[in-house]
Structure formats: structure tokens, C-alpha cells
Amino acid sequence: MTATGTVVGVDLGGTKIAVALVTAGHEVLARHRVPTPAGGPHAVVDAIVEAVAAVGGAPGHVGVGAPGPIMDGVVMTAPNLPGWREPFPLADRLTDRLERPVTVGNDANVGTLGEWAAGAGRGSRFMLGVWLGTGVGGGLVLDGRPYDGAFGGGGEFGHVCVRQGGALCGCGRRGCVEAYAGRACMEQAVATAASQGHPTALLDIAREKGQGRVKSGTWAKALEQGDELATRVLGEAVDALGAAVGSAVNLLDLDRIVVGGGLTEKLGQDLADRVAAAARPYMLVPGDRRVVVAELGDDSGVVGAAALARAAAGASPAAFEG
Ligand SMILES: [Zn+2]
């Protein structure tokens with residue numbers, strides 16, 4: 001770390017790479033964004049090196065949030081990143097190129113860390129982060145420390161099973177919460193129902209907007225109009241999230257659940273309240289467990305990645321709390 005404690009956080013996504021210079025107080029001083037290159041891991045390394053140079057400063061450690069399971073800085077699989085077909089040692093390659101220590105974590109875990117350090121999870125000791133996007137991501141903070149388990153696979157909330165033999169998930173298994181609450185699966189459910197003759201404004205709105213996919217804004221608009229199919233599919237998503245959150249609470253005795261991602265940004269605390277209400281009947285031990293909406297928006301990734309870098313540099317977890 002530099003004297004001021006400024007570090008660089010990198011959020012590597014399927015479509016863009018966001019890089020920010022972040023202070024010890026979690027304030028973003030400078031940011032830079034580039035499209036994720038399609039040429040595979042080596043092209044991504046080049047793009048990150050350039051983007052880190054572009055935000056300037058003299059950072060010590062660098063933190064990166066990347067999709068997929070991460071083990072010891074190796075990105076094991078990244079189906080959302082074009083050209084990544086086998087495990088790639090991202091932390092080692094970036095450390096070589098940047099000539100400074102680089103720590104890589106799973107993007108959902110890193111986003112959770114960002115919300116815990118500087119957003120809606122501040123002050124929590126047992127927190128679950130839930131990220132509603134194309135899929136459903138998750139991350140955990142347990143007893144005041146980020147937790148990713150024995151093999152780096154901890155916090156995979158999206159693949160908690162809520163219905164044995166249920167709907168097909170993007171992971172190839174059945175009945176995962178993502179199979180009901182991930183946008184890709186929700187869209188699939190809508191397309192299937194529409195093809196069976198159930199009318200819906202969702203596909204019309206998406207078409208009007210010239211979008212091939214049903215995005216979060218389209219969901220929000222259809223729900224606002226009281227579209228029956230959209231309302232039903234979202235209801236099933238809320239039920240699945242409730243069962244999974246309730247089960248997670250029974251297992252881990254969480255005090256806070258932070259819900260983020262595109263759909264949450266559109267629907268706000270109302271969605272979090274519905275998830276809380278759906279989860280309550282599953283909980284064995286009552287408690288003051290808050291379900292709240294993420295606060296940092298797009299910045300949770302870079303702020304969390306910076307917090308990861310700071311932790312790797314030896315800062316105490318308290319330093320996260322800002
Ligand atoms: Zn799954």
C-alpha cells in the first residue's frame with residue numbers, strides 16, 4: 001500500500017472491465033472502463049494492465065473480481081468470458097505484468113465485500129450478498145471475515161437447491177434458486193409460456209426497445225403495467241429466493257442479507273421486502289435479520305476488489321469497515 005492507502009480495484013465482467021483507484025475510506029478517486037476484449041485471457045491481461053495505468057496513482061496491491069470459481073488466483077472456468085476455455089492463472093500473470101501483488105476473487109464474493117465494507121452491509125458480522133443478474137451470484141461474510149470455503153466455492157447461493165428435480169438451471173442441475181430467479185431462466189420461462197399462448201407485454205416491450213433480450217428495465221415496466229405473466233414469473237423468483245434465504249439463515253444465522261444486481265436496482269427495497277416476507281416462514285430462529293438493497297451500484301465490484309487488495313496487504317478486517 002502507498003502512504004495514503006490508495007489501491008486499485010478491478011471488476012472484470014463479461015462485457016466490460018471497470019478499474020478504479022480507491023482510498024482507504026472506500027472513496028473512488030478515478031475510474032476507467034474498457035470493453036472486455038474477445039481475444040481470451042491474454043488479451044484481458046493486456047487490457048487490465050492498460051486500464052490500471054490509465055487510472056494513475058501509485059498503487060501497491062491490486063484486487064480483481066472475476067467471474068467463475070477462483071482457486072488460488074486461478075480462474076477455473078469463465079463461461080461468460082469469450083475465449084476462456086481452461087483454467088487461467090490470472091493473479092500470477094497480472095502480478096508479473098504489473099510488478100506488484102495482485103489478488104483475484106470471485107466477482108460475487110468481491111461485490112459482497114464491497115457492500116460489507118462501504119455499502120448496505122456496513123456493521124454486519126454475518127452477511128449474505130445476493131446478486132440478481134443473468135444468473136444469481138452470492139457471497140458471504142462470516143464472523144466479520146470474508147468467507148469462500150475450503151475450495152473457493154463458498155457462497156454459491158445461486159445453486160442452493162430449492163426444489164428437488166425442479167426447473168433446469170444454467171449449471172446443468174435442477175431446482176437451483178437461479179433456475180427461478182436468474183434473468184436468463186426467468187426469460188426462458190416467459191418465452192415458454194408465451195409460446196403456449198399466454199399473452200405478455202414483456203416480449204413486446206423488449207421488441208419495441210429493439211432488444212433481443214428481456215432486460216431489467218423491461219421487467220420493471222411490464223410489472224408496473226400489471227402484466228400477468230411477468231407478475232407470476234417474478235412471484236416464483238421471490239418464492240425461490242425466500243426459500244433459499246430462509247435456508248441460508250437456518251444454516252448460518254445471518255444478521256443481514258444484501259440484495260443487488262440489475263433487477264434489484266429497478267425494483268428497489270420493495271423487492272427486498274418481498275424476499276424477506278417469503279423467507280420468514282422458513283426461519284427456525286427469529287431474529288432481527290435485515291434484507292436490504294445494495295447501495296453501491298456498479299461500484300460494489302471495484303470497491304470490493306480494492307478491499308480485497310487491502311486485506312491481502314495485511315490490513316485488518318476492521319479496515320474494511322471504513
Ligand atoms: Zn445451478
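The values are calculated or read from the model by the stated rules, or taken from the named source; none is laboratory data. What you see is a predicted model, and the numbers here were worked out from it, not measured in a lab. Ideal geometry is used to build each Cβ from the backbone, glycine not excepted, and the neighbour counts take in all protein chains shown. When the accessible area is computed, the model is the full protein with side chains, heavy atoms only, and any ligands, DNA or RNA have been set aside. Shrake-Rupley method; radii C 1.70, N 1.55, O 1.52, S 1.80 Å.
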Within the range 113-136, can you find the residues that are open to solvent by less than 20 Å² (accessible area, probe 1.4 Å) and assigned to a loop (DSSP other than H, G, I, E, B)? G119, A120, G121, S124
P59 versus (1) more than 16 Å from the chain's Cα centre (by Cα); (2) modelled with pLDDT of 90 or more: which is the lone unmet condition? (2)
With the first residue restricted to the range 211-240 and required to be of a type in the set (S, T, Y), and the second required to be assigned to a helix (DSSP H, G or I), Cβ contacts under 6 Å at 6 or more apart or on different chains are S216/G262; S216/L263; S216/K266; T218/I205; T218/A206
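Quick one: which of A47, A30, A38, A53 is open to solvent by 10 Å² or more (accessible area, probe 1.4 Å), at negative phi and assigned to a strand (DSSP E or B)?
A30
Can you confirm whether the range 129-136 contains a residue that is within 16 Å of the ligand (Cβ to nearest atom) and out of contact with any helix residue (DSSP H, G or I) (no Cβ under 8 Å at 6 or more places or on another chain)? Walk me through it before giving the result.
In the first step, residues of the range 129-136 are kept if they are within 16 Å of the ligand (Cβ to nearest atom); the result is 130-136.
Filter once more, keeping what is out of contact with any helix residue (DSSP H, G or I) (no Cβ under 8 Å at 6 or more places or on another chain): none.
The answer is no, given that none of the residues of the range 129-136 is within 16 Å of the ligand (Cβ to nearest atom) and out of contact with any helix residue (DSSP H, G or I) (no Cβ under 8 Å at 6 or more places or on another chain).
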Search result, residues across the range 154-176 that are near the ligand (Cβ under 8 Å from one of its atoms) and surrounded by 24 or more Cβ atoms within 10 Å (Cβ to Cβ): G158, C176
Could you check the range 177-192 and list, in sequence order, the residues that are within 8 Å of the ligand (Cβ to nearest atom) and over 15 Å from the mean Cα position of the chain (by Cα)? A179
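Here are G165, G158: which of them is modelled with pLDDT of 95 or more and over 21 Å from L263 (Cα atoms)? I'd like the intermediate steps shown before the answer.
Numbers: G158 fails: over 21 Å from L263 (Cα atoms).
Every option except G165 fails the conditions.
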Among the candidates P67, P41, P101, P89, single out the residue that is in contact with a Leu (Cβ under 8 Å, 6 or more places away or on another chain), under 22 Å from P146 (Cβ atoms) and not basic (K, R). P67
Looking at (1) of a type in the set (V, I, T); (2) more than 30 Å from L252 (Cα to Cα); (3) in the same structural domain as G158 (by TED's automatic domain parsing), which is the one condition that is false for V49? (3)
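Is it the case, given these coordinates, that A91 is of a type in the set (A, V, I, L, M, F, W, C), under 18 Å from D298 (Cβ atoms) and open to solvent by less than 40 Å² (accessible area, probe 1.4 Å)? Spell out how you get there, then give the answer.
Numbers: of a type in the set (A, V, I, L, M, F, W, C): yes; under 18 Å from D298 (Cβ atoms): no; open to solvent by less than 40 Å² (accessible area, probe 1.4 Å): yes.
Spelling it out, it is not the case that A91 is of a type in the set (A, V, I, L, M, F, W, C), under 18 Å from D298 (Cβ atoms) and open to solvent by less than 40 Å² (accessible area, probe 1.4 Å).
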Looking at A307, is it touching a Phe, Trp or Tyr at 6+ places or on another chain (Cβ under 6 Å) and either open to solvent by 10 Å² or more (accessible area, probe 1.4 Å) or touching a residue at least 24 places away in the same chain (Cβ under 8 Å) (or both)? yes
Tally of residues being assigned to a loop (DSSP other than H, G, I, E, B), open to solvent by 20 Å² or more (accessible area, probe 1.4 Å) and of a type in the set (A, V, I, L, M, F, W, C) across the range 247-290: 3
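Could you tell me whether G144 is within 16 Å of the ligand (Cβ to nearest atom) and either touching a Lys or Arg at 6+ places or on another chain (Cβ under 8 Å) or in contact (Cβ under 8 Å) with a residue 24 or more places away in the chain (or both)?
On the way: within 16 Å of the ligand (Cβ to nearest atom): no; either touching a Lys or Arg at 6+ places or on another chain (Cβ under 8 Å) or in contact (Cβ under 8 Å) with a residue 24 or more places away in the chain (or both): yes.
Here the answer is no, as G144 does not meet what is asked.
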Taking the options G133, G172, name whichever one is at pLDDT below 95, over 23 Å from V7 (Cβ atoms) and under 14 Å from the mean Cα position of the chain (by Cα). G133
Under the condition of being part of a loop (DSSP other than H, G, I, E, B) and open to solvent by less than 60 Å² (accessible area, probe 1.4 Å), which residue from the range 56-75 is nearest to E115 (Cα to Cα)? P67
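When you check V110 against the structure, is it hydrophobic (A, V, I, L, M, F, W, C), crowded, with 24+ Cβ neighbours inside 10 Å and in contact with a Phe, Trp or Tyr (Cβ under 9 Å, 6 or more places away or on another chain), yes or no? Step through it out loud before you land on a result.
Working: hydrophobic (A, V, I, L, M, F, W, C): yes; crowded, with 24+ Cβ neighbours inside 10 Å: yes; in contact with a Phe, Trp or Tyr (Cβ under 9 Å, 6 or more places away or on another chain): no.
No.
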